[in-house]
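The values are calculated or read from the model by the stated rules, or taken from the named source; none is laboratory data. Because the structure is predicted, anything quoted here is derived from the model rather than measured. When we count neighbours, we look across all protein chains shown, and the Cβ atoms used for this are built from the backbone with ideal geometry, even at glycine.
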């Protein structure tokens with residue numbers, strides 16, 4: 001048995017192999033854990049970093065209603081025919097409705113006129129620019145359609161897809177189980193963190209064991 005200069009036995013390792021070969025052996029022999037888990041993503045859940053176990057499909061249309069793309073007035077497009085800055089058209093009260101950006105547009109109307117293209121005239125509005133049917137209205141599902149894939153299996157949950165999953169109707173999602181790991185620091189010179197902190201520096205040839213704490217953070 002070979003020994004070093006201090007008389008400590010040396011371990012004889014098998015022949016060296018390339019990094020690519022070593023990785024192929026790991027991929028071939030290590031199998032994914034089969035049991036999936038559930039991660040809560042709403043109600044103060046903290047799922048970040050967990051990995052999705054399946055493709056996720058939106059439960060809702062986003063937006064789920066016809067939404068105004070601008071601040072302005074919901075109208076019937078036909079009521080603005082031939083409107084211009086030099087020849088504005090009048091729309092009487094009851095035939096228009098104020099709507100904020102992102103607000104729902106009643107199905108009684110089919111377009112939204114930007115506030116910049118209007119001015120008030122007593123209880124009516126004067127429109128200075130003609131609009132067509134559907135103008136300035138975001139249809140249901142414009143951002144995300146019901147049934148659309150919103151996140152793929154194998155993607156980690158993060159600050160981008162968690163809000164989208166919640167908006168799409170999910171309070172929890174299936175995730176891959178976390179691997180169980182054991183850290184075995186070795187070496188006569190290392191000292192446990194608690195002992196190192198409470199007992200001072202230790203002997204001159206000793207050092208605090210910090211590698212396992214680094215690896216835990218990386219995992």
Within the stretch 3-25, of all residues that are at pLDDT below 85 and over 23 Å from residue 187 (Cα atoms), the one nearest to the chain's Cα centre (by Cα) is 17
If you check residue 72 against the conditions, is it under 30 Å from residue 123 (Cβ atoms) and either at pLDDT below 85 or touching a helix residue (DSSP H, G or I) at 6+ places or on another chain (Cβ under 6 Å) (or both)?
yes
Strands (runs of 3 or more DSSP E) (entirely within the stretch 85-161) containing at least 1 residues that are more than 30 Å from residue 38 (Cβ to Cβ)
89-91, 97-99, 111-114, 118-121, 124-127
